[in-house]
Amino acid sequence: MNRPPYVTDKALKEFIKSALDEDIQDGDHSTLSTIPKDLQQKAKLLVKEDCILAGVELAEIIFKQFDKNLKVEVFIKDGEKAKAGDIAFYVEGSARSILSTERLVLNCMQRMSGIATMTFDWDSRLLGTKTKLLDTRKTTPNFRICEKWAVAIGGGTNHRYGLYDMIMLKDNHIDYNGSITNAVKMAKDYVKKLKKPIKIEVETRNLAEVEEAIKSGADRIMLDNMDIPMMKKAVSLIKGKAESEASGGIIREMLKEVASTGVDFISAGALTHSAENIDLSLKAVK
């Protein structure tokens, strides 16, 4: 599958270098002390529980960035269903290189597969509706690229990647600024001066704030922690004048009911902060 636009070669190279530097520093002494330099070996990525697999492409890049001579044979691609007992890929080459990259590959793939699996499950509950499932910025520092990539692999839609690609005026922005009307006006003036096509989203907590956000000309209105009756009224007020997004404490069991209100988006931090890792293992092939 195609990479999201934020998953660039440069970003991946920097992430992998930083992660390997953190782990190896002045040497993988366990491997250097016990494994001959010229020993060639093979290992398999063993799936130990049913999941939507994610991080396969990243694993290939990690192996190749560390040792260009490592060869990877892939059997299960990103976004495909995998069952316990499946072999996702083989990696072959320097035994030292395989051992030194093993933990980084597993850490990334276990986390990404957990997120992709949860996203796939949640997104499947929205089939037949117009509502799209979004992630949030509730990600692990310096690991956002992998977590948001995993959401995309699982079938979800990425929200803004960071603070730079969308203006989101949350409750604290509004409270510090004084009003939604003034905050949106200032944001519009800022965007005009900046000459960048940045959308403006406003977080609202009640119907009065929804009405004010509509009048201010916000591009998207977030309905934060609203119950279903209030959310329905809010969507009715918006009536296509802006995009609508439900957010705040949404759990899996609520998805269909929230989507039934007619909101365009549901954002859920749980996709990236509460997904459980999938059990994967890199095993030597003897």
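The values are calculated or read from the model by the stated rules, or taken from the named source; none is laboratory data. No experiment lies behind these values; they were computed from the predicted model shown. Cβ sites come from the backbone with ideal geometry, for glycine too, and all protein chains shown count toward neighbours. Remember, those area values only see protein heavy atoms, side chains included, never the ligands or the DNA or RNA. Shrake-Rupley method; radii C 1.70, N 1.55, O 1.52, S 1.80 Å.
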Taking interchain pairs and intrachain pairs at least six residues apart, which have beta carbon atoms under 7 angstrom, with the first residue in the range 19-48 and over 23 Å from PHE143 (Cα atoms) and open to solvent by 90 Å² or more (accessible area, probe 1.4 Å) and the second modelled with pLDDT of 95 or more and part of a loop (DSSP other than H, G, I, E, B)? LYS48/ALA84; LYS48/ASP279
Provide a single number: the residues in the range 130-142 that are more than 11 Å from ASN158 (Cα to Cα) and either crowded, with 17+ Cβ neighbours inside 10 Å or outside the structural domain of ARG160 (by the TED database) (or both). 2
Qualifying residues in the range 77-89 (those that are over 10 Å from ILE52 (Cβ atoms) and assigned to a loop (DSSP other than H, G, I, E, B)) - the one nearest to the chain's Cα centre (by Cα): LYS77
Close pairs (8 angstrom Cβ cut-off, 6 or more residues apart or separate chains): more than 17 Å from GLU253 (Cβ to Cβ) in the range 120-147, in a loop (DSSP other than H, G, I, E, B) and among the hydroxyl-bearing types (Ser, Thr, Tyr) anywhere: ARG144/TYR161; ILE145/TYR6; GLU147/THR139; GLU147/THR140
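Yes/no per residue for (1) at negative phi; (2) without any contact (Cβ under 8 Å) to a residue 12 or more places away in the chain; (3) basic (Lys, Arg); (4) outside any helix (DSSP H, G or I):
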{"site": "PRO229", "(1), (2), (3), (4)": "yes, yes, no, no"}
{"site": "LYS233", "(1), (2), (3), (4)": "yes, no, yes, no"}
{"site": "GLU245", "(1), (2), (3), (4)": "yes, no, no, yes"}
{"site": "GLY262", "(1), (2), (3), (4)": "no, no, no, yes"}
Consider GLU147 carefully, then state whether it is more than 28 Å from GLY217 (Cα to Cα), among the acidic types (Asp, Glu) and either buried (at least 22 other Cβ atoms within 10 Å of the Cβ) or in the same structural domain as GLY262 (by the TED database) (or both). yes
Scan LEU46, LEU58, LEU12 and give me the residue that is under 27 Å from the mean Cα position of the chain (by Cα) and outside any helix (DSSP H, G or I). LEU46
